[in-house]
There are 2 protein chains.
Amino acid sequence: MKLATIVWLLILPGAIGWQVSDGGEAQVAYPEGYRTWVHVKSELLSPAHQNFAANGGFHHIYANPEAMTGYRSRSFPEGSVVVFDWLETKEDNGLFAEGARRRVDVMVKDSKRFAKTGGWGFQRFVKDSKTERAAAPSPEQCFACHEKLKKDGLILSSYRP
Amino acid sequence: MKLATIVWLLILPGAIGWQVSDGGEAQVAYPEGYRTWVHVKSELLSPAHQNFAANGGFHHIYANPEAMTGYRSRSFPEGSVVVFDWLETKEDNGLFAEGARRRVDVMVKDSKRFAKTGGWGFQRFVKDSKTERAAAPSPEQCFACHEKLKKDGLILSSYRP
């Protein structure tokens, strides 16, 4: 066996290690430090909305520097990460305050790793956990809906100046 | 006249120029670039609230790096700037979206310049304007209320992780 082949075989498992999960699928990392990223925009889905039980509360969107380049040009470069932060809401006579975290949805642009889903990886993390990944929706389900709704890319939001 | 005196007289107006307004009061600068600062927290004051007409809409708070040090330690260093961003809200069947900017309230920590109001300068900017300063509330009115409500400093909010 040639040395080059041995080196290649030694490197390969490590290189694949951070790219794929145990199931062989490319995996999206927890977006460490996203709370200090740029706040793109917000909305509130209140108890008066028909989808409150499933999706109610504050929705805050955050973007890393690469994704901010994308929000400005509408062409998102490799390495773009967008976080959709879901928080419970507490109402007091018409004043809505932020409550506990419901989940953290993440989109990561990597055209090679996530070629099957439009070049974007999708992952939902449960509540405040950095390791517990929601079983649903699947990346394919996320992609299908974003693909259907898209205007100029799979990122559906726009930056609010 | 000695040269040093002449130099001093030449420098003095310029040095005072950025510190005080025409009225002789210390002036708070527009917080250029605050939309890329850290998003501290949000709330929504909906039409169901009794103060909606005056203060309704989304309230987003942003902090510069010095102020983030303060949010973490509850001791705000000189140079801390905190922005309270007020946006109109648009409701559609329980979903609240962000609307036009109502105003931008700014607090700046400078113990010397703003000694009269607890070491903090207060200023409200009108809508999206970087130059139009609201006549009211006055810094003294802002200070009086913050002073009354304070727990461990004049910043009333806490960082939401």
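Readers should treat all values here as calculations from the given coordinates under stated rules, not as data from a laboratory. Owing to the predicted nature of the structure, the values given are computational and were not obtained by experimental measurement. So basically every Cβ, Gly included, is an ideal-geometry build from the backbone, and we count neighbours across all protein chains shown.
Loop-located trypsin sites (Lys or Arg not before Pro) in segment B:45-129 (DSSP state not H, G, I, E or B) with no more than 10 neighbouring Cβ atoms inside 10 Å: B:Lys112.
Report summary: the helix-based calculation at 222 nm, which adds -39500 (n - 2.57) for every DSSP H run with n ≥ 4 and divides by the residues of the protein assembly as shown, gives -7000 deg cm²/dmol. For segment B:39-50, 3J(HN,Hα) computed residue by residue from phi via the Karplus equation (6.51, -1.76, 1.60; θ = phi - 60°) reads 7, 6, 5, 9, 8, 10, 9, 8, x, 6, 8, 5 Hz, glycine and proline entered as x.
The modelled label-to-label distance between B:Arg133 and A:Ala135, using points 7 Å beyond Cα along the C-beta direction, is 6.0 nm.
Of all the options B:Ala63, B:Ala135, B:Ala54, the one that moves most in a Gaussian network model of chain B with Cα springs shorter than 10 angstrom is B:Ala54.
The distance from the alpha carbon centre of segment B:86-132 to that of segment A:88-144 is 30 Å, rounded to a whole number.
For chain A, modelled as a GNM whose springs connect Cα atoms under 10 angstrom apart, the maximal fluctuation among A:Thr89, A:Thr117, A:Thr131 occurs at A:Thr131. Checking every one of the trypsin sites (Lys or Arg not before Pro) in segment B:132-161 against DSSP loop status and a limit of 13 other Cβ atoms within 10 Å picks out B:Lys150, B:Lys151. Couplings for segment B:114-124, taken from phi via the Karplus curve 6.51 cos²θ - 1.76 cosθ + 1.60 with θ = phi - 60°, read 10, 4, 5, 10, x, x, 10, x, 10, 7, 10 Hz in order; Gly and Pro are left as x.
Over every Cα atom in chain A, the radius of gyration and the widest Cα-Cα span, Dmax, amount to 18.2, 75 Å.
From the cross-link list A:Lys41/B:Lys109; A:Lys151/B:Lys90; A:Lys41/B:Lys90; B:Lys116/B:Lys148, which pairs have alpha carbons spaced over 18 Å apart? In this structure, A:Lys41/B:Lys109; A:Lys151/B:Lys90 lie more than 18 Å apart at Cα. Put simply, the amide H of B:Trp120, placed in the peptide plane, has neighbours under 5 Å in B:Asp110, leaving out anything fewer than 5 places away on its chain. Our coupling estimate for segment A:146-161, obtained by passing each phi through the Karplus curve with A = 6.51, B = -1.76, C = 1.60 and θ = phi - 60°, is 4, 5, 6, 8, 4, 10, 9, x, 8, 7, 8, 8, 10, 6, 9, x Hz, Gly and Pro reported as x. Report the far tail of the P(r) of the protein assembly as shown, meaning the percent of Cα-Cα pairs longer than 29 Å. It works out to 49 percent of all Cα pairs. Copy A relates to copy B by a rotation, and the A residue whose beta-carbon is nearest that axis, with the distance in whole angstrom, is A:His39, 2. Across the identical copies, the label point of B:Lys127 (7 Å from Cα in the Cβ direction) is separated from its matches by 4.6 nm, in order from shortest.
The angle between the Cα long axis of helix A:3-17 and the main principal axis of chain A comes to about 10°, on a 0 to 90 degree scale. Once you have all Cα-Cα distances for segment A:35-76, histogram them in 10 Å bins from zero and send the whole-percent values. Per 10 Å bin, starting at zero, the Cα-Cα P(r) for segment A:35-76 comes out as 29, 34, 27, 11 percent. The label-point distance for A:Ser73 and A:Glu91, in a model that sets each label 7 Å from Cα toward Cβ, rounds to 4.3 nm.
Quick check for you: which residues of segment A:122-149 have the amide N under 12 Å from the point 7 Å beyond the Cα of A:Asn51 toward its beta carbon? Counting only backbone N, you get A:145-146, A:149.
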